[in-house]
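Engineer: The structure that follows is given in the form of structure tokens.
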Amino acid sequence: MKIAVYGLGYVGLTAAACLAKDGHDVLGVDVSADKVAKTNGGISHIAEPGLEDLLKQAVAQGRLHCTNQPDEQINDCDMAIVCVGTPSRPDGSHNMGYIAEVSRQIAAAVNPERRTPLTVVYRSTIRPGTIEGLIAPIFEAALGAGSSAFELVYNPEFLREAVAIKDFFNPPKIVIGTHDGKANARMDEMNKNLDAPVFYTRFREAEFTKFVDNTFHAVKVAFANEIGRLCMQLDISARQVHEIFVSDTKLNISPYYLRPGDAFGGSCLPKDVRALQYISADVGAHTHLIDSLLRSNEAHKHHLFEHCTAGLKPGARVLMIGLAFKLGSDDLRESPKIDLARKLLQAGYALSVYDPGLKPRQLVGQNLGYAFAYLPNLPNILVSDETVTGTHYDVVIDTNGTAGRLSLKANRVVDINTLS
Ligand SMILES: NC(=O)c1ccc[n+]([C@@H]2O[C@H](COP(=O)([O-])OP(=O)(O)OC[C@H]3O[C@@H](n4cnc5c(N)ncnc54)[C@H](O)[C@@H]3O)[C@@H](O)[C@H]2O)c1
């Protein structure tokens, strides 16, 4: 393919060199005359291992040519990949000025009579909604809504500087965002030599991916450092603690505890997080991330209550399936379902709870105390299989994924574990 790359910075220059190595004809475009001249001379203006060698090869083979004229040769190209910067504004948001400008330049240069569409692929990190709210309107204004002269794709970049070439050819994943969430033939053609899982999504999911990844990486570093600070204060070997922690690929370094769904609860997590917060304050470790966890969890419980009761009138019939903190247990201590049940009762809904694993008469000790302190009328709201199947509910809240096993009559079923 003939591919234009707009923005010859860390991402764009690497992409231009690697695409040329992959056999494509690449047109590099940058506003900086200096970067253009250097790249045309096979010189890398950034320090990136192996990049200059690839640039030299690409230029020598005639596969890479750069310009600072945005409209030059764009109509000979099959694809334009946008890699311009999206730096922070003072308020923290991304500065979308370069994205808007380059989009206007490309849209103005596209021949409306093209025989095949120019596939315009955005790789810069942009806020969810940018393609639909900013970029598509720019192209539609220039070329007309429904024009077949262009198609838009969002394809986030996952490379890391210093290993950028290796990452370009071995990405952890490929995410392709399109208006309908379906595949794009030119993207598949470009990625055919890459061995990585491919996800086709709508624009918004693809745009959000990079935020989620980078923020999670930041959470990991901040968490590791907070644990490290605690270790230093408590005369514990941070190295050994790290070694033990990462060795657990079942529960720690794994998809467990990462799915959006219910709040955390039960007899261990809230108690031990609270106690670690206490220890941290005691030794002055200033663990802001750890200190924020219980408040974040309470905010999530309230969000779930609002999600479950959206549009419900006071007095509406609500069935909650599952009350124990997880399926297969009768442990009610700090179960987030108890908090939800309490909020529902306080808001005046006619609440029933179905949890066949729970026998109020068998509850003892702290479990009994917790249940009756937070839900004194627990025995009265627990209902049998017959009541559940014989009643019509305004909403059923499935907290443990078992609603599908019951024959329910309900206006709406909310599955807390998938936030749907
Ligand atoms: N650097 C990374 O490791 C990395 C990794 C993944 C994603 N990203 C994202 O990719 C995007 C680019 O990052 P970068 O680090 O390569 O930025 P950069 O600042 O190094 O490069 C951006 C380039 O765009 C050029 N440019 C600006 N306006 C232009 C225009 N109208 N036409 C042509 N060129 C123009 C600039 O001159 C510059 O050379 C950002 O959104 C960034 O968040 C970066």
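Let's see how each residue does on (1) of a type in the set (Phe, Trp, Tyr); (2) assigned by TED's automatic domain parsing to the domain that holds Ile74; (3) at positive phi; (4) more than 9 Å from the ligand (Cβ to nearest atom):
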| position | (1), (2), (3), (4) |
| --- | --- |
| Tyr6 | yes, yes, no, no |
| Gly9 | no, yes, no, no |
| Leu13 | no, yes, no, no |
| Leu19 | no, yes, no, yes |
| Leu27 | no, yes, no, yes |
| Val36 | no, yes, no, yes |
| Gly42 | no, yes, yes, yes |
| His45 | no, yes, no, no |
| Leu51 | no, yes, no, yes |
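Engineer: Taking interchain pairs and intrachain pairs at least six residues apart, which have beta carbon atoms under 7 angstrom, with the first residue in the range 42-54 and more than 11 Å from Leu13 (Cα to Cα) and the second assigned to a loop (DSSP other than H, G, I, E, B)?
Structural biologist: What qualifies is Pro49/Ala162.
Okay, residues lined up against (1) of a type outside the set (Lys, Arg); (2) modelled with pLDDT under 95:
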position: Ala341; (1), (2): yes, no
position: Leu363; (1), (2): yes, yes
position: Gln366; (1), (2): yes, yes
position: Leu382; (1), (2): yes, yes
position: Asp385; (1), (2): yes, yes
position: His392; (1), (2): yes, no
position: Thr402; (1), (2): yes, yes
position: Arg405; (1), (2): no, yes
position: Val414; (1), (2): yes, no
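Engineer: Please identify the pairs in which a residue from the range 402-420 that is farther than 11 Å from Leu304 by Cα has its Cβ atom under 6 Å from the Cβ atom of a residue that is open to solvent by 40 Å² or more (accessible area, probe 1.4 Å), counting only partners at least 6 apart or on another chain.
Structural biologist: Here the result reads Ala403/Val413; Ser407/Thr389; Lys409/His392; Asn411/Asp394, each pair linking the range 402-420 to a residue that is open to solvent by 40 Å² or more (accessible area, probe 1.4 Å).
Engineer: Could I ask something else about it? Tell me, yes or no, whether the range 171-188 has at least one residue that is in contact (Cβ under 8 Å) with a residue 40 or more places away in the chain and within 15 Å of the ligand (Cβ to nearest atom).
Structural biologist: Yes, the conditions are met somewhere in the range 171-188.
Engineer: Scan the range 10-28 for residues that are open to solvent by 20 Å² or more (accessible area, probe 1.4 Å) and more than 14 Å from Val121 (Cα to Cα) and jot them down.
Structural biologist: If we filter the range 10-28 for residues that are open to solvent by 20 Å² or more (accessible area, probe 1.4 Å), which is where we start, we get 10-11, 21-23, 25.
Passing the criteria: Tyr10, Lys21, Asp22, Gly23, Asp25.
Engineer: Can you give me the number of residues within the range 184-212 that are assigned to a loop (DSSP other than H, G, I, E, B) and loosely packed, with under 12 Cβ neighbours inside 10 Å?
Structural biologist: Going through the range 184-212, the residues assigned to a loop (DSSP other than H, G, I, E, B) turn out to be 184, 191-197.
This time we only want the ones that are loosely packed, with under 12 Cβ neighbours inside 10 Å, so: 192-193, 195, 197.
Number of matching residues: 4.
Residue-by-condition table, conditions (1) more than 7 Å from the ligand (Cβ to nearest atom); (2) modelled with pLDDT of 95 or more; (3) within 14 Å of Tyr6 (Cα to Cα):
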| position | (1), (2), (3) |
| --- | --- |
| Thr86 | no, yes, yes |
| Met96 | yes, yes, no |
| Ala107 | yes, yes, yes |
| Val120 | yes, yes, yes |
| Arg123 | no, yes, yes |
| Glu132 | yes, yes, no |
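Engineer: Still on this structure, I have one more. With the requirement that a residue be surrounded by 13 or more Cβ atoms within 10 Å (Cβ to Cβ), assigned to a helix (DSSP H, G or I) and out of contact with any helix residue (DSSP H, G or I) (no Cβ under 6 Å at 6 or more places or on another chain), what does the range 69-98 give you?
Structural biologist: Here is the first cut: in the range 69-98, the ones surrounded by 13 or more Cβ atoms within 10 Å (Cβ to Cβ) are 70-75, 77-86, 94-98.
So of that shortlist, the ones also assigned to a helix (DSSP H, G or I) come out as 74-75, 97-98.
Residues satisfying the conditions are Asn75, Gly97, Tyr98.
Engineer: Here's something else I'd like to know. Which one of the conditions (1) open to solvent by 60 Å² or more (accessible area, probe 1.4 Å); (2) part of a loop (DSSP other than H, G, I, E, B); (3) hydrophobic (A, V, I, L, M, F, W, C); (4) closer than 25 Å to Ser420 by Cβ does Leu293 fail to meet, given that it meets all the rest?
Structural biologist: (2)
Engineer: Please report, ordered by residue number, the helices (runs of 4 or more DSSP H) entirely within the range 307-397 with at least 3 residues that are under 23 Å from Ala410 (Cα atoms).
Structural biologist: Working: elements: 336-346, 365-374, 378-381, 385-390.
Correct list: 336-346, 378-381, 385-390.
Engineer: Another question about this same structure. Thr215 is checked against (1) of a type outside the set (A, V, I, L, M, F, W, C); (2) within 16 Å of the ligand (Cβ to nearest atom); (3) surrounded by 11 or more Cβ atoms within 10 Å (Cβ to Cβ) and fails just one. What number does that condition carry?
Structural biologist: (3)
The values are calculated or read from the model by the stated rules, or taken from the named source; none is laboratory data. Treat the numbers as computed from the prediction; the structure is a model and nothing was measured. Every residue, glycine as well, gets a Cβ built from its backbone with ideal geometry; the counts of neighbours run over all protein chains shown. Note: accessible area is taken over every heavy atom of the protein model, side chains too, but ligands, DNA and RNA are not part of it. Shrake-Rupley method; radii C 1.70, N 1.55, O 1.52, S 1.80 Å.
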